[in-house]
Amino acid sequence: MPELSLAEKLEILADGAKYDVSCASSGSSRRNKGGIGNAAQCGICHSWTADGRCVSLLKILLTNACIYDCAYCVNRRSNDTRRVLLTPAEVAELTIGFYRRNAIEGLFLSTGVVKDPDHTMELLIEATSILREEHRFNGYIHVKVVPGADLLLVDRLGRLADRVSVNMELPSRESLQLLAPDKSREAIVAPMKRVGELIVQTKEERKVSRKIPPFAPAGQSTQLIIGASGESDLQIVSLAAGLYGRLSMKRVYYSAFIPVNTDTRLPSVVGTPPLVREHRLYQADWLMRYYGFAAGELLDEEHPNLDLSLDPKAGWALRNLHLFPVEVNRAPLELLLRVPGIGVRSAQRIVGARRGGHLSLDDLALLGVVMKRARYFVTARGRFGADMTPDAAGLQARLTERTTPRPRWSQPSLFDGANAIDIRSTITGEL
Ligand code: SF4
């Protein structure tokens, strides 16, 4: 077979990386000390394609060869596909080349497992250190950790990268055994724990001496595949809550299962992947991280799955109608945050504005409250916002959303217009 050019390798490896969604880059601030590139605190992944994948990072695999055979993966060992491996120097060359042409702001580097986890991690470390040390590249770098690798290698990678991530992929040990039998839960959780510990420890040490190099300053993330196995949303949301609480996880990403292999262990997906479910999980995740909801409030054994037609905050409100309406001039911030249509910013604005006098219903809209939703749940100066108090069924009908999944699944090109905003980005709005 003829030797491939670097461009041809890039095409194969960028295509192989497209199913990994954990590549948002916000949260890191790395100062330029004379080299090239800056990682921006406020997030450099601000461009999105129609299918929601960010393209301001060069998103590639080091290799699409893999010794493992995960049922859901396009790069698995048993697939008959052309295998390509970049050298660490080639990864660096590509990154710098795209960076200089203003096509990217950083690198997201993932990989198949070549030879063994340690060897693969060493290649990732080498690519990252060439960028940092030879090219003095200060831009954002997110690198995947290979489960099963020596934890000392994890330590080294975290000193070079802005973010590291270990993909959990499947929400339960049983599913992992069935669909990714070469991986173990322990091999995935051990580096996560190590990264979590080192992030906390290094932050403390740097309070004493700034000479200590940061460790993964943008934190760690992970990805869960949704719908390849039978776990309920309750199991998934509880797992995410544990990851945030116990392992200092910065972000959990949810990726709707896309059937790329024929495998009897996998469910058949008719039509589009479960994108609305993915969207609802992102909303639930948002509510846990910013609105003070516990996983057990959003879902329980009686309601183990999120209602696809209703956002999870509205779902919670409908199950707790006895708490409403809330008087906006008196309610504490925590309760305001639970009102459908009142987001974090508008709740804070209400608390600030009411110090200057009692708020009216008209004031609420000016403060950013989505009155179309909130009016059924609030009073202001004792006045109710809606013309009637519908019962739970009537409210459900009024709050039901039509959520349109993304029309197709396709790999974002590095050269796309990249202006479309998809369903995933909409979760940053007020719930
Ligand atoms: S280890 Fe990663 S690259 Fe290899 S088959 Fe599994 S999911 Fe695919």
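Since every read-out is calculated from the coordinates, none of them should be taken as a lab result. From a predicted model like this one, the values you see are computed outputs, not experimental measurements. Quick reminder, even Gly has a Cβ in these numbers, built from the backbone with ideal geometry, and neighbours come from all protein chains shown.
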What is the packing order of peptides 116-124, 345-353, 104-112, 259-267, taking the mean over residues of other C-beta atoms within 10 Å and listing the highest first? 104-112, 116-124, 345-353, 259-267
Compute the orientation-averaged projected area for segment 312-399 from the convex hull of its Cα atoms and round it to one decimal in nm². 5.1
Using the alpha-carbon centroid of each, what span in Å lies between segment 220-290 and segment 302-381? 27
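Determine the alpha carbon to alpha carbon distance for each of Lys59/Lys250; Lys9/Lys144; Lys18/Lys203 and list only those over 27 Å.
Cα-Cα > 27 Å for Lys18/Lys203; rest within.
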Consider all pairwise Cα distances in segment 130-218 and report the whole-number % of them above 19 Å. 47
³J(HN,Hα) computed for each position of segment 231-240 - Karplus, 6.51 cos²θ - 1.76 cosθ + 1.60, integer Hz, glycine/proline x: 5, 7, 4, 4, 4, 5, 5, 5, 4, 4
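Strictly greater than 23 Å: what percent of every Cα pair in segment 74-178 meets that?
Across segment 74-178, Cα pairs with separations above 23 Å total 32 percent.
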Segment 243-302, Kirkwood Rh and Cα Rg, ratio Rg/Rh at 1.06
I'm a student and want to see the number: the projected area of the Cα convex hull of segment 158-288, averaged over all directions, in nm². 8.9
Which value, in nm² and rounded to one decimal, describes the direction-averaged projected area of the C-alpha convex hull of segment 198-243? 4.1
Tell me, what are the semi-axes, in whole angstrom and largest first, of the equivalent ellipsoid of segment 205-275 as set by the roots of 5 times the Cα gyration tensor eigenvalues? 36, 14, 9
In nm, spacing of pseudo-spin labels at Leu151 and Arg381 (7 Å Cα→C-beta vector): 6.2
Of all the C-alpha pairs in segment 6-305, what % are more than 31 Å from each other? 26
Each label point is 7 Å from the Cα along the Cα-to-Cβ direction; what then is the distance between the points at Arg319 and Asp118, in nm? 4.8
If you plug each phi of segment 246-263 into the Karplus form 6.51 cos²θ - 1.76 cosθ + 1.60 with θ = phi - 60°, what whole-Hz ³J(HN,Hα) values come out, in order, with x for Gly and Pro? 9, 10, 6, 5, 7, 9, 10, 9, 10, 10, 4, 5, 10, x, 10, 10, 8, 7
